[in-house]
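These notes are about the structure you will find just below.
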Amino acid sequence: MKHVITGAFGYTGRAVARRLLAAGEQVITLTNSPRKQDSPDIPAYPLIFDDSLAGVLKGSDVLHNTYWVRFNHGRFSHSHAVINSMRLFAAAKKAGVRRIIHVSITNPDENSRLEYFQGKGRLERALKETGVSYAILRPAVLFGNGDILINNIAWALRHLPVFGVFGDGSYRIQPMHVEDFAALMVEQAYREANTIINGIGPETFTYRGLVETISGILQITRPIISVPPAVGYWAGWLISKLMGDVTITPEEIEGLMSDLLYVDAPPAGTTKLTDWAQSQTETLGRKYASELARRQV
Ligand SMILES: NC(=O)c1ccc[n+]([C@@H]2O[C@H](COP(=O)([O-])OP(=O)(O)OC[C@H]3O[C@@H](n4cnc5c(N)ncnc54)[C@H](OP(=O)(O)O)[C@@H]3O)[C@@H](O)[C@H]2O)c1
């Protein structure tokens, strides 16, 4: 089959592309990022949401859509990402794509006041309305080589004298390994039935428990204290300024604290974050992972 992946030089897309190539499938990508040294060697077309899209998608069987923006920032926003994604779905339908594997988020909700979750909710409905066969996969948070959140928790533990968790830290998070998630995406490419699957791993942590677990695995002794969310945000803002990034947004803190990265569902992946982190003690958190640096082409 022929597969189109948005962002095959990115985080999730790269893992999906590698798996498909290993299975002998034909793969192309839509991306604005340059090919990196370890990127899959596949034809790349610009990720531009205009009339040319359907032409690029023509002849493809499956679209793997990872496209989204993490926060509003200057040249990009959630609202543009919603419009762009709808154009992508429409182009896929016009091009005769058989199935769309769409990456969403746990607890998407069209009525949410958080734009990330609201936009993802709108897109799920838009995708269903296309009439194209779909699999919607809803990850909570992904970890694995090249991830941002877990790495930067480890980075903060390594580099700061104290780690502040927002509020009491009792809200939950269910990280899934990016390779398990990519395997799920590939598996779904060969199915027919419309489906929605929560992308969660085998371990559920409270946020405080997650920080304590990483701290224990890396054998870093730092006080882990509760701070008001606003104080946590301003500390993150300061780190953002120092690192030239957006480390965390108020919306991300609210989503996390509202338990939106938790679902009551069976795990879809088997790799434990604790096992993975144990295997990464030399490298995890040594360098800060910057979202904005990834966006510079
Ligand atoms: N990573 C996680 O922990 C996590 C957790 C929950 C949900 N998700 C969802 O999983 C999907 C993939 O996430 P990922 O971390 O693998 O993302 P990614 O590789 O950084 O990016 C995925 C795609 O989105 C495009 N993109 C990202 N930010 C953009 C921006 N600001 N402006 C324009 N295009 C942008 C990328 O474009 P280029 O190809 O040009 O780089 C790429 O095509 C997303 O839908 C995300 O919402 C991820």
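The values are calculated or read from the model by the stated rules, or taken from the named source; none is laboratory data. These numbers were taken from a predicted model, which means no experiment stands behind them. Ideal geometry is used to build each Cβ from the backbone, glycine not excepted, and the neighbour counts take in all protein chains shown.
Which one is farthest from Thr195 (Cα to Cα) among residues in segment 79-107 that are within 10 Å of the ligand (Cβ to nearest atom) and within 17 Å of the chain's Cα centre (by Cα)? The selected residue is Ala81. From the list Phe117, Phe71, the lone residue that is within 14 Å of the ligand (Cβ to nearest atom), under 30 Å from Leu284 (Cβ atoms), part of a helix (DSSP H, G or I) and not small (Gly, Ala, Ser) is Phe117. Apart from one condition, Arg18 fits all of (1) more than 14 Å from the ligand (Cβ to nearest atom); (2) surrounded by 17 or more Cβ atoms within 10 Å (Cβ to Cβ); (3) among the charged types (D, E, K, R); the exception is (1).
Of all the listed residues (Leu57, Leu63), the sole one being more than 22 Å from Leu261 (Cα to Cα), more than 8 Å from the ligand (Cβ to nearest atom), within 21 Å of the chain's Cα centre (by Cα) and crowded, with 20+ Cβ neighbours inside 10 Å is Leu63.
Let's see how each residue does on (1) of a type outside the set (D, E, K, R); (2) within 12 Å of the ligand (Cβ to nearest atom); (3) crowded, with 21+ Cβ neighbours inside 10 Å; (4) over 17 Å from the mean Cα position of the chain (by Cα):
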{"position": "Phe76", "(1), (2), (3), (4)": "yes, yes, no, no"}
{"position": "Lys128", "(1), (2), (3), (4)": "no, no, no, yes"}
{"position": "Val132", "(1), (2), (3), (4)": "yes, no, no, yes"}
{"position": "Ile136", "(1), (2), (3), (4)": "yes, yes, yes, no"}
{"position": "Leu142", "(1), (2), (3), (4)": "yes, yes, yes, no"}
{"position": "Gly146", "(1), (2), (3), (4)": "yes, yes, no, no"}
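Find the strands (runs of 3 or more DSSP E) located wholly in segment 148-235 whose residues include 2 or more that are away from the ligand (no atom under 16 Å from the Cβ) and either within 20 Å of the chain's Cα centre (by Cα) or surrounded by fewer than 20 Cβ atoms within 10 Å (Cβ to Cβ) (or both), and list them. Working first, answer last.
On the way: elements: 163-166, 175-177, 195-199, 224-227.
Output list reads 224-227.
Scanning segment 21-49 for residues that are surrounded by fewer than 14 Cβ atoms within 10 Å (Cβ to Cβ), more than 21 Å from the chain's Cα centre (by Cα) and either in contact (Cβ under 8 Å) with a residue 24 or more places away in the chain or in a helix (DSSP H, G or I) (or both) gives Ala22, Ala23.
Residues of segment 43-54 being in contact with a Ser or Thr (Cβ under 9 Å, 6 or more places away or on another chain) and more than 12 Å from the ligand (Cβ to nearest atom), which ones?
The first filter runs over segment 43-54 and keeps only residues in contact with a Ser or Thr (Cβ under 9 Å, 6 or more places away or on another chain), leaving 43-47, 49.
Within segment 43-54, just Pro43 meets the criteria.
Residue count for segment 238-287 under the criterion of being crowded, with 16+ Cβ neighbours inside 10 Å and closer than 26 Å to Leu47 by Cβ: the result is 10. Can we say Ala265 is modelled with pLDDT of 95 or more, of a type in the set (Gly, Ala, Ser) and either part of a loop (DSSP other than H, G, I, E, B) or touching an Asp or Glu at 6+ places or on another chain (Cβ under 7 Å) (or both)? Criteria met by Ala265. Residue-level check: of (1) touching a Lys or Arg at 6+ places or on another chain (Cβ under 9 Å); (2) in contact (Cβ under 8 Å) with a residue 40 or more places away in the chain, Thr281 misses just (1).
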